[in-house]
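Reading through the structure tokens given below for one structure.
The values are calculated or read from the model by the stated rules, or taken from the named source; none is laboratory data. The shown structure was predicted, so the numbers you read here are calculated from the model rather than taken from an experiment. Positions of Cβ are generated from backbone atoms using ideal geometry, with glycine treated the same way; all protein chains shown enter the neighbour counts. Ligands, DNA and RNA are excluded from the accessible area calculation, which covers all protein heavy atoms including side chains. Shrake-Rupley method; radii C 1.70, N 1.55, O 1.52, S 1.80 Å.
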Amino acid sequence: MTEPHLQRLADGVHAYVQPDGGWCLNNAGVIASGGTTIVVDTAATMKRALALRDAVREVAPAPPRLVVNTHFHGDHTFGNCVFTPEAVVVAHEGTREEAILADLHLTGLWPDVEWGDIRLAPPALTYERRMTLHAGDLNADLFRLGPAHTRDDTVVWLPDQRILFAGDLVMSGVTPFCMMGSVEGSLRAIERLRDLDPAVIVPGHGPVGGPELLDEAERYLHWVRDEARQGLAEGLDPLEIAHRAEPDGRLLDPERLVPNLRRACAEQRGAPPGERMDVAAMFGEMITYHGGPLPCRA
């Protein structure tokens, strides 16, 4: 596995990629121009967040004034604390609520990870529908898509450069994850992202890509929905459906299939997108499917 690294996307725009993109190894972004620096997402542990801060200093003329959180999950938000209070954390209003509710719960799922002295730094500035941030001559549009990966996902879109920071709405070589959101909502979100016509997509996890990442996500989600429909017709539960399914062996973290199926089955039965479900039970099912504790290399 290679080390985290900056990848230049355009003048003043970089992706911070953490291979291999598995559990808690997320990507971030740096937008810097005209003396203003914006960071998109942070990292899971104190060590990784400090490494991100050092990397930002390499390409940004000024410390970050704004940090955008695409959603509330700890791998994207725990590192907020190394940028605050100098930087203001921005997110959708629902993301702030979910972050406060979840607190540092993620650390309990992987107690052996060296999380470091992290502390919760929830978004201090929130928006309802959309917001535009400006860094010199770079414009970044924030808007909510969801429920999809979570109940309230934000994407960061640079229209002039056609660069999309998609958060965990899009993965690259990593299994999509709808446990706290919606399979149907994710498919709708992908269609909206496709309408933007992005040239470059920074996924929440995995290598930077292009529009093909939307195709891959859509293909997987259609497959999950079809498996759920067939399994329900045969009277199977999501874990049983998962055990007989044949997921794409090239995708990391295939155990995510189980909560994806549980979400798809619930929606087939009429559950609304984003309906709260038993997350602890679904993690337990993933462990059962995986045959042991889930690997986390954060």
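Brief remarks follow.
- Scaled radius of gyration (Cα, divided by 2.2 N^0.38 Å) that region 36-184 gives: 1.00
- Rounded accessible area of Glu3 (nearest 10 Å², 1.4 Å probe): 140 Å²
- Cα shape, the chain, gyration tensor, a/c 1.5 rule: prolate
- Fluctuation leader among His105, His92, His205 - the chain, Gaussian network, Cα springs under 10 angstrom: His105
- Rounded FRET efficiency, nearest 0.05, which uses the C-beta distance separating His243 from Leu50 and R0 of 41 Å: 0.50
- Label-point separation in nm, Ala124 to Asp195, each point 7 Å along Cα→Cβ: 3.5 nm
- The chain: most fluctuating residue of Val30, Val39, Val113 per GNM, C-alpha cutoff 10 Å: Val113
- The calculated FRET efficiency for the pair His5 and Ala233, based on their C-beta separation and a Förster distance of 41 Å, comes to about 0.30.
- With Cα atoms, 0 to 90° folded angle of helix 183-196 axis to the chain main axis: 40 degrees
- For the pair region 6-41 / region 221-298, the C-alpha centres are spaced 30 Å from each other.
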